[in-house]
């Protein structure tokens, strides 16, 4: 091999080496090995008690909850009656009996007496399915019913939403418990424990609200106002009559005294006029 051929081969080898070196250097830094997988982010509750989507949490359970679960309609029923009765005390006892007969109980009651007569207020809770029956029985103990009102409120949608949020929070709590098992340091354990406590607090709030809705929809509330039918005339009292008559005499005397004072103060006007009138009348008579 001559010297020219040797130089050519050496030049080609150098060019190939430079090309290979340039190709290797064009790869992004850090791609020589696969990166270590990042742990999935923990789901963090949002401010409204639900879980954030961008924290590795999915709330698809809400839609499935509303479609898969057949929830009975939850209706809150309330009523109010004003009853004219013969005797308030006896009527309150009858209202209490009606509450017991229909499977309910008395929430509160009080009786009071004033100048217009005796009145009473009593509130009862009875099973919602016997609401109409209780209303009919209350009508029967009254002489007249001047006022009555009923209203209903459907809280089914609110209850279903609370149930879905509760299921999601309970699932999140289980995820935190699994993370607790994998915690390696005290700081990690404390952080997870703090999140578990927050989720547990929201779970208890939702459960409390759901229990309340279940209770008020199962037991309807009826407020009853009781008035004695003869109370509009008011009770008669001899002492009150004497006081009223004496007050009338005093009022009349004050009025008469006031008129006398006014006449006395303006006498300088009408007395001269009266004198002149009488003199003219006398002259007219003398001329005749």
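Regarding residue 168, is this residue touching a helix residue (DSSP H, G or I) at 6+ places or on another chain (Cβ under 8 Å) and farther than 30 Å from residue 119 by Cα? Judged against the criteria, residue 168 is a match.
Here's the yes/no breakdown for (1) farther than 30 Å from residue 99 by Cα; (2) free of Cβ contacts under 8 Å to residues at least 24 places away in the same chain; (3) in a helix (DSSP H, G or I):
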residue	(1), (2), (3)
167	yes, no, yes
180	yes, yes, yes
193	yes, yes, yes
198	yes, no, yes
201	yes, yes, yes
204	yes, yes, yes
222	no, no, no
225	no, no, no
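What are the residues in the stretch 124-147 that are surrounded by fewer than 16 Cβ atoms within 10 Å (Cβ to Cβ) and under 23 Å from the mean Cα position of the chain (by Cα), if any? Within the stretch 124-147, just 127 meets the criteria. Here is the figure for the stretch 111-123: residues that are surrounded by 13 or more Cβ atoms within 10 Å (Cβ to Cβ) and part of a strand (DSSP E or B) total 9. Scanning the stretch 135-165 for residues that are outside any strand (DSSP E or B), out of contact with any helix residue (DSSP H, G or I) (no Cβ under 6 Å at 6 or more places or on another chain) and closer than 16 Å to residue 83 by Cα yields 135, 136, 138, 139, 140, 142, 143.
Evaluation of residue 100 against the conditions (1) assigned to a helix (DSSP H, G or I); (2) over 18 Å from residue 227 (Cβ atoms); (3) more than 29 Å from the chain's Cα centre (by Cα); (4) free of Cβ contacts under 8 Å to residues at least 40 places away in the same chain shows that the sole unmet condition is (3).
Throughout, read-outs are computed from the coordinates displayed, never taken from laboratory work. None of the values given here were measured: they were computed from a predicted structure. Note that we place each Cβ from the backbone using ideal geometry, even for glycine, and neighbour counts take in every protein chain shown.
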